[in-house]
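In what follows, a single structure is set out as structure tokens and then discussed.
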Amino acid sequence: MKVSELKRILEHVRDENEIMIAIKLPYSTVGAIPMVAVKTAQNGFDWENGKFILRAEEELSPANRDFAQQMRDMQEQLGWAEYEKRNLRAEIKKLNKKYGVE
């Protein structure tokens, strides 16, 4: 993104809006988009010359792809376990009814 594109977008944004950075998590979530606030903004110099840098309130680091896959696998396993638990409860309910157990 170029600064000119950002300026065009900001023309249509209220001044009191907070500037946030959306965070892509390696697993699914429910609810609002995970995000962190922007702490500062600055023009780059020396090696970062020609860049406009946003710094987040929290430390951000590149995702570890192995960790992301582990989180997806764990989420899938949890979903499968929940599915099995529901089926087992239904089966127990049927058996209790069949044999008159309360």
- Which listed residue, of V36, V30, is assigned to a strand (DSSP E or B), within 30 Å of L78 (Cα to Cα) and free of Cβ contacts under 8 Å to residues at least 60 places away in the same chain: V36
- Message: Show the residue pairs meeting these rules: Cβ distance below 7 Å; 6+ apart or different chains; first residue within segment 7-18 and within 16 Å of A37 (Cα to Cα); second residue assigned to a loop (DSSP other than H, G, I, E, B).
- Response: none
- Task: Output the residues belonging to segment 46-66 that are surrounded by 10 or more Cβ atoms within 10 Å (Cβ to Cβ) and part of a helix (DSSP H, G or I).
- Result: E48
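Here, each number is a calculation from the coordinates, and none is a lab measurement. This structure is a prediction, so every number in the text was calculated from the model and none was measured. Positions of Cβ are generated from backbone atoms using ideal geometry, with glycine treated the same way; all protein chains shown enter the neighbour counts.
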